[in-house]
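Below is one structure; the comments refer to it alone.
The values are calculated or read from the model by the stated rules, or taken from the named source; none is laboratory data. In this text the structure is predicted, and so the values were computed from the model without any measurement. Neighbour counts run over all protein chains shown; Cβ positions are idealised from the backbone, glycine included.
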Amino acid sequence: MGHRKYSAPRRGSLAYSPRRRAKSPLPRVNFWPERKDGIGLTGFIAYKLGMVTTFMVDDIPGSPTQGTEVATGCTVLAAPPLHIIGVVLLKRENGYLVEIGRHIISDLPPEVRERVRGVSPTSVGVDELRSLLGKAAQVRALAASYPREAGLSQKKAIILSIPVSGGVEEAFNYVVERLGKRLPVEEVFREGEFIDVVGVTKGHGFQGVVRRFGVKILPRKQRKTRRAVGAIGGRSPKYVTRFVPRAGQMGFHYRTEFNKRVVKIWPDGQAPVPKGGYIRAPPPKCPAIALLGSVMGTPKRPVVLRTPARHPRYSLGAPKLSAIMYAGEVLAS
């Protein structure tokens, strides 16, 4: 093997293992951090639309271009208001959170009542749940997001259980006051702050080791195949370790991106839309939010916006935007 006679760098990262398909396009959030600015929801549901180019003043401390105007890519997401349809109480048992009761409103919309299995009005009242606050360790809000309000054709509502930061009693009162009401994205996030994005990446199906792990293609005179690893191992008893690159599923995985900055939040129907619309995504008919950089997944796929788990060392206000462009077309200035 010449320069790789005795050793070779490993192929592929072990940080993402196993590389299996996600169970649902709606991501699974394993960790919900607390908010630092008081009581409120720690997450929100949005739908990816497309990317635009924004011209803004770089205000990151210590940046080489600090104080100058730079062109950056931003992702626009439709963020229809969340419908608070219930409240859930959880207790801690053997290191795990276990549900001890929930209350769901009786006047559920047809998008939830007729199309979401397992979600129906409960007989447990709010007063009965309030008597269990002494056992509770966490309060969560059952939030429903309607893709139809974002311009999508999906009729089925998306239900997500979102924790509420703060004390148990304060968080419970916060959710009870908003039962049956709509919660806008402006009440959860503000312009300029950093948030985490949890989503499912774009799927590429079953792929070989060359595309999946970047394995080098073998020489032309190889006896068997060229697009494979040279040896999967020679040991007894015969087995293949998990460190050997193998063909399999590529993409459609759960991923989390930390500290994506909120560049802009537009009210209902005021988000900039290109003349021909976004590629493979409808124009937003609801409030929209722009995040700095790219967001995983395909257009129209739901993502979960979460309070940051790794707060930056600095806090910033709303950035100064001078123009927003899409494929050479000026959308706002």
Q: Among the residues of the stretch 236-247, count how many are within 17 Å of Ser7 (Cα to Cα) and exposed (fewer than 12 other Cβ atoms within 10 Å of the Cβ).
A: 2
(Q) Restricting to the stretch 203-235, and then to whatever is exposed (fewer than 13 other Cβ atoms within 10 Å of the Cβ) and touching a residue at least 60 places away in the same chain (Cβ under 8 Å), can you tell me which residue is farthest from the chain's Cα centre (by Cα)? (A) Gly230
(Q) Testing Val98 on (1) assigned to a strand (DSSP E or B); (2) within 23 Å of the chain's Cα centre (by Cα), one condition comes back false. Which one is that? (A) (2)
Q | Per-region count, the stretch 38-67, residues among the charged types (D, E, K, R) and either out of contact with any Ser or Thr (no Cβ under 9 Å at 6 or more places or on another chain) or in a strand (DSSP E or B) (or both) | A | 2
Q: Kindly indicate whether any position in the stretch 72-88 is touching a His at 6+ places or on another chain (Cβ under 7 Å), under 30 Å from Ile265 (Cβ atoms) and either among the acidic types (Asp, Glu) or in a strand (DSSP E or B) (or both).
A: yes
Q: Quickly run through the stretch 111-150 and pick out the residues that are crowded, with 20+ Cβ neighbours inside 10 Å and either closer than 15 Å to Ile84 by Cβ or of a type in the set (Asp, Glu) (or both).
A: Glu111, Val112, Leu129, Val139, Arg140, Ala141, Leu142, Ala143, Ala144, Ser145, Tyr146, Glu149
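When the stretch 116-151 is examined, which residues are found to be of a type in the set (D, E, K, R) and either closer than 18 Å to Glu170 by Cβ or part of a loop (DSSP other than H, G, I, E, B) (or both)? Give the steps one after another, and end with the answer.
Step one: of the stretch 116-151, the residues of a type in the set (D, E, K, R) are 117, 127-128, 130, 135, 140, 148-149.
Listed by number, the residues that qualify are Arg117, Asp127, Arg130, Lys135, Arg140.
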(Q) For the condition modelled with pLDDT under 95 and touching an Asp or Glu at 6+ places or on another chain (Cβ under 7 Å), what is the one hit in Lys221, Lys275? (A) Lys275
(Q) So in the stretch 27-48, with the set limited to residues that are touching a Gly at 6+ places or on another chain (Cβ under 9 Å) and buried (at least 16 other Cβ atoms within 10 Å of the Cβ), which one is nearest to Pro163 (Cα to Cα)? (A) Trp32
